[in-house]
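Input: a single structure, listed below in structure tokens.
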Amino acid sequence: MNKRSNIPAGSKWEDIIGYSRAVRIGNVIEVSGTTTAVDENGKTLGLGDPYEQTRLTLGRIEKALKDAGASLSDVVRTRMFVTDISRWEEIGRAHGEFFKDIKPATTMVEVKALISPELLIEIEATAILPE
């Protein structure tokens, strides 16, 4: 049986909601929806800037993957939930800077809202380590 490892983000919300930033079972790592354009004091970073929020969010995902023993090159899928699809090029440019040579399968969909109106994007990722 594969061992389960929960990778925390250190957020107060993890115990309240009951989640982990990422979960690794065997060679598969699932990274939770990440809207981490928020600093440790709860201040939203990249206010009104979907490019910057995407870049910050992907940086947090990269850290979670590292903590789980993986890297961005192990990512096979991303899912992006955005509040304004008309700004897809800014979001896509940031995603491309992280994944240009990796090219995971990806989805970008517009959603009505995220947990805070200041947040413009939430991203999930799936990584698979070589056996």
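Values quoted throughout were computed directly from the atomic coordinates according to the rules given, and no laboratory measurement underlies them. This one's a predicted model, so the numbers in the text were calculated from it and none came from an experiment. When we count neighbours, we look across all protein chains shown, and the Cβ atoms used for this are built from the backbone with ideal geometry, even at glycine.
Of the GluC sites (Glu not before Pro) in the range 1-109, the ones in a loop by DSSP (not H, G, I, E or B) with at most 14 other beta carbons within 10 Å are Glu40. Coupling constants for the range 90-102 follow from the phi torsions by the Karplus curve (6.51 cos²θ - 1.76 cosθ + 1.60, θ = phi - 60°), and in residue order they are 5, 5, x, 4, 5, 4, x, 5, 7, 10, 3, 8, 8 Hz; glycine and proline get x. Per-residue 3J(HN,Hα) values for the range 71-83, derived from phi via the Karplus relation 6.51 cos²θ - 1.76 cosθ + 1.60 with θ = phi - 60°, read 9, 4, 5, 8, 6, 10, 7, 10, 10, 10, 10, 10, 8 Hz in sequence order (x marks Gly and Pro).
GNM on the chain, alpha-carbon springs under 10 angstrom: the most fluctuating residue among Pro117, Pro104, Pro50 is Pro117. Taking all Cα-Cα distances within the chain, those exceeding 26 Å account for 19%.
Taking trypsin sites (Lys or Arg not before Pro) as exposed when DSSP calls them loop and at most 15 other C-beta atoms lie within 10 angstrom, the chain has its longest site-free stretch at 44-99. Close lysine pairs were tallied over the chain: pairs 8 or more places apart or on different chains with Cα atoms under 22 Å apart number 11.
When the chain is described by a simple charge dipole with +1 on each Lys and Arg Cβ and -1 on each Asp and Glu Cβ, the residue from Gly42, Leu56, Asn27 located farthest towards its positive end is Asn27.
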